[in-house]
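The values are calculated or read from the model by the stated rules, or taken from the named source; none is laboratory data. Note that the structure is a prediction, hence the values are computed from the model and not measured. Note that we place each Cβ from the backbone using ideal geometry, even for glycine, and neighbour counts take in every protein chain shown. Ligands, DNA and RNA are excluded from the accessible area calculation, which covers all protein heavy atoms including side chains. Shrake-Rupley method; radii C 1.70, N 1.55, O 1.52, S 1.80 Å.
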Amino acid sequence: MITNNDETAYREEVRALGNSRGSTPIHIDGTVMEKLEGFKFLGVHITDKLKWSTHTDSVVKKAEQRLFNLRRLKKFGLSPKALTNFYRCTIESILAGCITAWYGNCSAHNRKALQRVVRSAQRITGGKLPALQDTYTTRCHRKAKKIIKDNNHPSHCLFTPLSSRRRGQYRCIKAGTERLKNSFYLKAIRLLNSHH
């Protein structure tokens, strides 16, 4: 409890809670749950710190392996259109898998590593390929529109329309952290509002 604007006790409780989180075992039905530093879910590497380096490193490695095949196809004389199709199906699909979940909060270093793969593919195909940032933006916008149209989607309620005078505009919550500011929902709402 805060009394006389003295937050000392409150801050001490928060510090103690933060220190104990990692060491106190969690029990479910009498069974101690194992603490994991990370796991893979639907092809996305999720860490306990919600950093995306493990995921982006994995994605870059897989995509670079496919670049080898793209180079070989170019040596066999495939047309730029066929090379671009190969890129879109086998490399871009890896780079952009579940991109709306993780790209907004990955580091600048991780984004550069991902974009280097795109630039390498662009040199091989000889044509212009979309930047990963553009792919992310497009997919966020598309996914948001689908959620808005589906009243049964669990996230439908997060897209709250503003008053009827501001048709097509959605309420945007205040973001207290960079992580929230860069999350899919706030990015999607900003995109939707900028397109009207």
Practice task
From the list 187, 143, pick out the single residue that is touching a residue at least 24 places away in the same chain (Cβ under 8 Å), open to solvent by 60 Å² or more (accessible area, probe 1.4 Å) and of a type outside the set (A, V, I, L, M, F, W, C).
Solution key: 143
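Kindly establish whether residue 167 is open to solvent by 40 Å² or more (accessible area, probe 1.4 Å) and modelled with pLDDT under 95. First the steps, then the outcome.
Numbers: open to solvent by 40 Å² or more (accessible area, probe 1.4 Å): yes; modelled with pLDDT under 95: yes.
The answer is yes for residue 167.
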Problem - Qualifying residues in region 36-71 (those that are surrounded by 11 or more Cβ atoms within 10 Å (Cβ to Cβ), charged (D, E, K, R) and over 21 Å from residue 109 (Cα atoms)) - the one farthest from the chain's Cα centre (by Cα) - result: 71
Handout entry: Identity of the residue in region 65-80, among the polar types (S, T, N, Q) and assigned to a helix (DSSP H, G or I), that ends up nearest to residue 144 (Cα to Cα)
Key = 65
Exercise for the section: Restrict the check to region 76-94 and report whether at least one residue is small (Gly, Ala, Ser) and surrounded by 17 or more Cβ atoms within 10 Å (Cβ to Cβ). Expected result: no
Handout entry: Filtered residue count, region 102-140, keeping only those that are out of contact with any Leu (no Cβ under 9 Å at 6 or more places or on another chain) and open to solvent by 40 Å² or more (accessible area, probe 1.4 Å)
Key = 12
Exercise for the section: Could you tell me which numbered condition residue 29 fails, if it satisfies all but one of (1) at negative phi; (2) at pLDDT below 85? Expected result: (1)
